[in-house]
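First up is the structure itself, then whatever we jot down about it.
The values are calculated or read from the model by the stated rules, or taken from the named source; none is laboratory data. Values in this document were obtained by computation on a predicted structure and should not be read as measured data. Cβ coordinates were reconstructed from backbone atoms using ideal geometry, including for glycine residues, and neighbour counts include every protein chain displayed. Areas reflect the complete protein model, heavy atoms only, side chains present, ligands, DNA and RNA absent. Shrake-Rupley method; radii C 1.70, N 1.55, O 1.52, S 1.80 Å.
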Amino acid sequence: MTSYSYRSDPAVPSFPDDKPLFIFDGICVLCSTGCAWMMRRDKQDQLRFTTTAEPVGKALFNHYGVDVDATYMLIDRGQMYIKSDGYLHMLNHLGGGWKLLKIFYLMPHPIRDFFYDILNRYRYRWFGTSDYCALIPDDFRKKLL
């Protein structure tokens, strides 16, 4: 799909896309704590967040034909990134020493995603679930769409 293809999709609600948007599972403990971790490190307020349960999140997953249970999604400059590519791409926005983790680009893509898929498959069993976005601190909720 072309960049910003979701803008011409009437099923996707309009949303501010001037910053990367991270779409995550709002009941997964690993996902929610991971988002809270990213929010704390997003000192320049470069990222926005929403969940797969929100209308924008649902619509973007449908637009791109991605299974909502298979991954999270990062939308940046109209492009969609998932699995290990999304996390590695997000390092550009966290800045600082986190960019050093981009060394994982040297690992072949199928191997990176293999480990991502294992973690994703067992995330509820290993880490549990919580109430919707319960693990996002109140002072970071302004980053949620």
If one computes the Cα centroid of the stretch 104-130 and of the stretch 5-76, what distance in Å separates the two points? 18
Taking only protein heavy atoms and a 1.4 Å probe, the highest-to-lowest accessible-area order of 40, 125, 77, 112 is 125, 77, 40, 112
So which aspartates and glutamates can residue 58 reach, going by Cα to Cα under 15 Å and dropping same-chain residues fewer than 8 places off? 9, 25, 67, 69
Heavy-atom accessible area of residue 18 with all protein chains present, probe 1.4 Å, nearest 10 Å²? 110
Of the beta bridges DSSP finds with both residues in the chain, what % are antiparallel, to the nearest 5? 60
Carbon and sulfur together cover what percent of the accessible area of the chain at a 1.4 Å probe radius? 59
So what is the 222 nm mean residue ellipticity for the chain from helices alone, if each DSSP H run of at least 4 adds -39500 (n - 2.57) and you divide by all residues, rounding to the nearest 500 deg cm²/dmol? -12000 deg cm²/dmol
Summing +1 per Lys or Arg and -1 per Asp or Glu among the other residues with Cβ less than 13 Å from residue 13's Cβ gives -1
Taking a quarter of the surface of the Cα convex hull of the chain, what do you get in nm²? 8.5
Give me the net charge for the shell around residue 83: Cβ to Cβ below 15 angstrom, other residues only, Lys and Arg +1, Asp and Glu -1. -4
